[in-house]
Amino acid sequence: MSETIGFIGLGHLGLPMATNLLNAGYSLLVYNRTASKAESLVAQGAHLASRPVDAVTSGGIVASIVWDDAALESVVMSDGFLEHLGPGGIHLSMSTVLPETSKKLAAIHAHHDCAYVEAPIFGRPEAAVARNLWIPFAGPQQAKERVRPLLQAMGGQGIFDFGEEVGAATLVKLVGNFLIVSAGYSLREALSMLVSSKRQHNRWSHPYPLHVFCAIS
Ligand SMILES: NC(=O)c1ccc[n+]([C@@H]2O[C@H](COP(=O)([O-])OP(=O)(O)OC[C@H]3O[C@@H](n4cnc5c(N)ncnc54)[C@H](OP(=O)(O)O)[C@@H]3O)[C@@H](O)[C@H]2O)c1
């Protein structure tokens, strides 16, 4: 790969995704607030940046996956980040944030003639290692076409285009989290009702959860 990619945020999810990029042959400029987390990548040939702006190439692509809205905003607003990214540059933003934050940041990027593509991640760190991530994304069409191969190389097994209006993919991510968490709680409540009933009445000789799933399927 000829293009050097900036990668900011080497936490539980960012590190395996950046490692996948390196393994796919991309050159990486990596930044993490705690620099020691970049050691394994540097040992594999990535270059360590000491500030977010040092991971940015003018007109290039910089990916970020940091903890939350405040962390993302602090990266974007850090000294020289947007000015250096400049015309033709793309920020591929993969943190889970509010749609309002995404929209605000997209407008700030547009003011600097660079593109903001949101691409929040469905998948645990183990799924990143196994290259089994699901990724909704939204943003300017040309920018999305440029970053799609990167998302695949990072471990995206499914990449879903939610159009040009930033905020849409972030909303899908939040709704997905809501469904996952509420399904988990529902299952836990249902099973605990069954277990407590079994304890009280010793009613079933068969594996009772199985009866429920047969009944509702
Ligand atoms: N883990 C999951 O299963 C999972 C799944 C789907 C989506 N996500 C989302 O992916 C994002 C990253 O999650 P993660 O699990 O990788 O989190 P994590 O392991 O806690 O890593 C957070 C990253 O953000 C950086 N960070 C935090 N505050 C910062 C700040 N103020 N300025 C600059 N950098 C800052 C951290 O730097 P330091 O190393 O210096 O602390 C670290 O690189 C989150 O938005 C999360 O909701 C996570």
Out of curiosity, is V97 surrounded by 23 or more Cβ atoms within 10 Å (Cβ to Cβ), touching a residue at least 40 places away in the same chain (Cβ under 8 Å) and not polar (S, T, N, Q)? yes
What single numbered condition from (1) without any contact (Cβ under 8 Å) to a residue 60 or more places away in the chain; (2) closer than 22 Å to I8 by Cβ fails to hold for V172? (2)
For segment 100-123, which residues satisfy the criterion of being of a type in the set (D, E, K, R) and touching a residue at least 40 places away in the same chain (Cβ under 8 Å)? E100, K103, E118
Which of (1) within 22 Å of L15 (Cα to Cα); (2) without any contact (Cβ under 8 Å) to a residue 24 or more places away in the chain is the odd one out, the single condition M154 does not satisfy? (2)
Within segment 18-25, is there a residue that is surrounded by fewer than 23 Cβ atoms within 10 Å (Cβ to Cβ), in a strand (DSSP E or B) and more than 17 Å from the chain's Cα centre (by Cα)? no
Qualifying position, being within 17 Å of the chain's Cα centre (by Cα) and of a type in the set (D, E, K, R), among E118, E83: E118
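To keep it simple, each residue is scored yes or no on (1) at positive phi; (2) of a type in the set (S, T, N, Q); (3) out of contact with any helix residue (DSSP H, G or I) (no Cβ under 6 Å at 6 or more places or on another chain).
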{"residue": "G11", "(1), (2), (3)": "no, no, yes"}
{"residue": "G14", "(1), (2), (3)": "no, no, yes"}
{"residue": "T19", "(1), (2), (3)": "no, yes, yes"}
{"residue": "L22", "(1), (2), (3)": "no, no, yes"}
{"residue": "Y26", "(1), (2), (3)": "no, no, yes"}
{"residue": "G59", "(1), (2), (3)": "yes, no, yes"}
{"residue": "V97", "(1), (2), (3)": "no, no, no"}
{"residue": "K104", "(1), (2), (3)": "no, no, yes"}
Got a number for residues in segment 159-204 being part of a loop (DSSP other than H, G, I, E, B) and among the β-branched types (V, I, T)? 1
Within segment 118-154, considering residues that are among the small types (G, A, S), under 15 Å from A63 (Cα atoms) and more than 12 Å from the ligand (Cβ to nearest atom), the one surrounded by the fewest Cβ atoms within 10 Å (Cβ to Cβ): A153
Checked L10, L85, L22 against criteria (free of Cβ contacts under 8 Å to residues at least 60 places away in the same chain and near the ligand (Cβ under 8 Å from one of its atoms)); the one match is L10
Looking at the structure I just gave you, is V42 more than 9 Å from the ligand (Cβ to nearest atom), more than 24 Å from W134 (Cβ to Cβ) and not in a loop (DSSP other than H, G, I, E, B)? yes
Picked from segment 88-117 (must be more than 16 Å from V75 (Cβ to Cβ) and charged (D, E, K, R)), the residue nearest to the ligand (Cβ to nearest atom) is E100
Within the bounds of segment 52-75, is there any residue that is farther than 22 Å from G176 by Cβ, over 19 Å from the mean Cα position of the chain (by Cα) and within 14 Å of the ligand (Cβ to nearest atom)? yes
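Read-outs throughout are calculated quantities, based only on the coordinates presented, and are distinct from any laboratory measurement. All values reported here derive from a predicted model rather than from experimental measurement. Backbone-built Cβ (ideal geometry, glycine too); neighbour counts: all protein chains shown.
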